[in-house]
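Reviewing the structure listed below.
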Amino acid sequence: MSTSASAAPAARSTAGGPVLQVAGLTCAIGGAVIVDDVTFDVAPGEFIAVIGPNGAGKTSLFNLLSGLLPATGGTVTLAGTDITGASPSARARRGLGRTFQASSVFAGLSVRENVRLAAQARLGGSMRPWQRVRPGDAAQEVATGALARVGLAGRGDDLAGALSHGDKRKLELAILLATDPAVVLLDEPMAGVSIEDVAGLTEVIGSVHREEGKTVLMVEHHMDVLLGLADRVAVMHHGKLLALDTPARVTSDPAVQQAYLGESL
Amino acid sequence: MTTLVLLTITGLGLAALYFLVASGLSLIFGLMDVLNFAHGAFLTIGAYGTWWAAGNLPGAGESGWGFVLAVVFGVAVGTLVAALIELLLIRPLYQRHIEQVLVTVGLSLALVALVRAVWGADPRPFPRPGWARGTTSILGANVPNDRFLLIVSAVVVLVAVLAFLRFTRVGLIIRAGVENRTMVTALGIDVRKAFTLVFAIGGAFAALAGALGGIYLGSISPGQGTSLLIFAFIVVVIGGMSSITGTAAAAVLVGLVQQFANYYAASGVGDLSVVLLLAVVLLARPSGLRARLA
């Protein structure tokens with residue numbers, strides 16, 4: 001686990017305390033409880049993998065954390081600030097970044113424009129309509145750096161829609177990096193990625209975590225990927241948090257094995 | 001030959017008018033998913049604003065720079081009204097589409113009724129600067145100059161919008177927002193500021209269309225904007241709902257078809273043929289000429 005704190009947005013300034021606190025988080029939609037009383041703390045720089053059978057509430061949990069779903073109970077605290085009622089864009093500005101389960105890049109924009117947009121979001125700056133995109137400005141430099149980080153340095157001028165699926169996933173990571181979040185939510189980053197690309201993508205995610213000290217929460221099905229990356233594994237089942245412990249202890253937990261009976265871990 | 005030239009240039013002039021109204025509609029729909037039925041009212045406001053300024057605003061007049069000032073005034077009023085409507089009425093109804101339609105339809109009726117109450121239902125003669133009243137001979141055809149004014153204005157607006165979308169920070173946000181608004185928000189960008197801006201830009205173009213339409217037709221009446229709006233909507237649909245270049249191409253197509261059909265078939269057939277054109281395009285290419293904003 002790395003805690004090398006680089007230049008930090010608000011969310012990393014907690015001295016020692018948990019960067020993310022989830023307490024009794026609940027979401028019920030029309031009588032169905034999809035996330036049920038989930039409580040856990042995440043330490044700065046920690047890597048937590050979220051696993052569970054389909055429909056266990058993993059993505060719903062992420063949607064609650066990033067504000068796309070309204071919580072019907074409980075609180076989410078980011079770096080000491082209650083963000084339970086905050087809008088998705090406000091949470092992003094506070095340093096909570098996420099990717100989506102379905103590959104989500106702006107297909108009609110160039111690869112560089114995709115990342116630049118994210119950099120603009122972080123650097124703020126004006127909404128003045130006459131403000132031009134200048135080749136050497138700060139946002140452009142952040143974009144170039146982020147693209148190099150994920151190995152897409154030479155693809156800046158290509159249309160994002162023309163990238164392979166694996167490269168799109170890398171571009172998503174670059175977009176996320178450009179927003180410089182303190183806490184990164186990755187929703188199945190390996191989904192649909194070819195076997196050859198999994199290793200490269202795992203390496204990029206691992207290095208983002210180790211070298212930049214990002215706190216990462218990742219929903220993932222590939223257990224082999226998780227075991228090398230995750231400090232702790234959270235197991236969701238029927239909307240509840242079944243277990244949250246080191247990978248070794250989680251995989252030997254009888255309750256987890258029960259939940260996964262008949263399903264491949 | 002002279003008839004052909006005259007019909008083509010007049011058709012393009014009409015296309016320019018359609019484009020000015022439809023470009024704003026298309027941007028607003030593309031970014032915000034709002035079908036703005038009040039857009040025609042922006043045109044009426046621009047036309048009456050210009051007409052009022054030409055007669056009453058100090059420094060403004062019916063010709064030369066005075067008239068330019070009058071047009072600037074009309075466009076400014078249209079822009080302001082559009083921005084206020086977005087802030088006060090559209091924003092609170094964000095993502096409530098039925099309510100938005102009701103509000104914009106209501107506004108289109110109310111604003112036109114307001115104009116009618118103040119200045120009457122009868123057409124008012126619109127000031128036409130000296131140059132616009134003249135004609136230019138092209139291939140033997142005497143083409144009224146106001147056609148060129150319309151075409152040049154529309155081309156300038158088209159180039160300006162494309163450059164704005166391509167080369168500015170907000171332009172990038174708008175292009176991204178048209179593609180996926182949720183993701184733009186997830187990045188921490190407040191797209192609502194872009195909404196207000198796009199609405200104001202759309203209002204400005206529609207108001208400019210109102211002023212230019214006044215010159216083209218020689219008079220203005222309260223219902224003008226609403227009748228033009230129908231064709232502008234057809235142009236937006238044919239153009240692919242959220243594409244500026246598609247909207248421009250569709251405007252040219254609709255303008256020319258309408259002019260030629262009106263002349264060679266019978267007056268009124270033009271309007272019908274535009275609806276037929278819409279049907280044909282939707283059957284052949286259901287997503288319109290261009291499906292993406294470019």
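Remark: the range B:56-69, residue by residue, has Karplus-estimated 3J(HN,Hα) of 10, 6, x, x, 8, x, 9, 8, x, 5, x, 6, 4, 4 Hz, where x stands for each Gly or Pro and the curve is 6.51 cos²θ - 1.76 cosθ + 1.60 at θ = phi - 60°. Beta bridges from DSSP with both residues in the protein assembly as shown: antiparallel share about 65 percent, rounded to the nearest 5. When each of A:F40, B:F199 is scored by the number of other beta-carbon atoms lying within 10 Å, the sequence from fewest to most is A:F40, B:F199.
Using the average count of surrounding beta-carbon atoms within 10 Å as a protection proxy, the listed peptides B:187-195, A:66-74, A:213-221 rank, highest first, as A:213-221, B:187-195, A:66-74. Which of the lysines could a cross-linker span from A:K214 if the Cα-Cα distance has to be under 30 Å and same-chain partners fewer than 8 positions apart are dropped? Qualifying lysines at Cα under 30 Å: A:K58, A:K168, A:K170, A:K240.
Using a ≥ b ≥ c from the Cα gyration tensor of the range B:215-279 (square roots of the eigenvalues), is it rounded, prolate or oblate, where a/c under 1.5 gives rounded and otherwise the larger of a/b and b/c decides, a/b for prolate? The shape class here is oblate. For the range A:25-39, backbone phi angles converted through the Karplus equation (6.51, -1.76, 1.60; θ = phi - 60°) give residue-by-residue couplings of 5, 9, 9, 10, 10, x, x, 8, 8, 9, 10, 10, 6, 8, 10 Hz, Gly and Pro being listed as x.
By the count of other C-beta atoms within 10 Å, a proxy for reagent exposure, B:I28, B:I138 are ordered fewest to most as B:I138, B:I28. Extension gain for the segment A:A107 to A:A28, taken as residue separation times 0.36 nm less the Cα-Cα distance, is 25.1 nm to one decimal.
Here's how it looks for A:V216: its modeled amide H is under 5 Å from those of A:E46, A:F47, A:I48, A:V184, which are all 5 or more places away or on a different chain. Remark on A:L242: its backbone amide H falls under 5 Å from those of A:V235, A:M236, A:H237, a criterion applied only to residues 5 or more positions apart or on other chains, H modelled at 1.01 Å from N. Helices in chain B, meaning DSSP H runs of at least 4 residues, each add -39500 (n - 2.57). Divided by all residues, the mean residue ellipticity at 222 nm is -25000 deg cm²/dmol. Beta bridges per DSSP, both residues in chain A: antiparallel share near 55 percent. Panel order for B:W51, B:W65, by other beta carbons found within 10 Å of each beta carbon, from fewest to most: B:W65, B:W51.
All of the numbers you see were taken from the coordinates with simple rules; none came from a lab. Everything numeric here is computed off the predicted structure, so don't read it as measured data. All Cβ positions, even for glycine, are placed from backbone atoms using ideal geometry, and neighbour counts span all protein chains on display.
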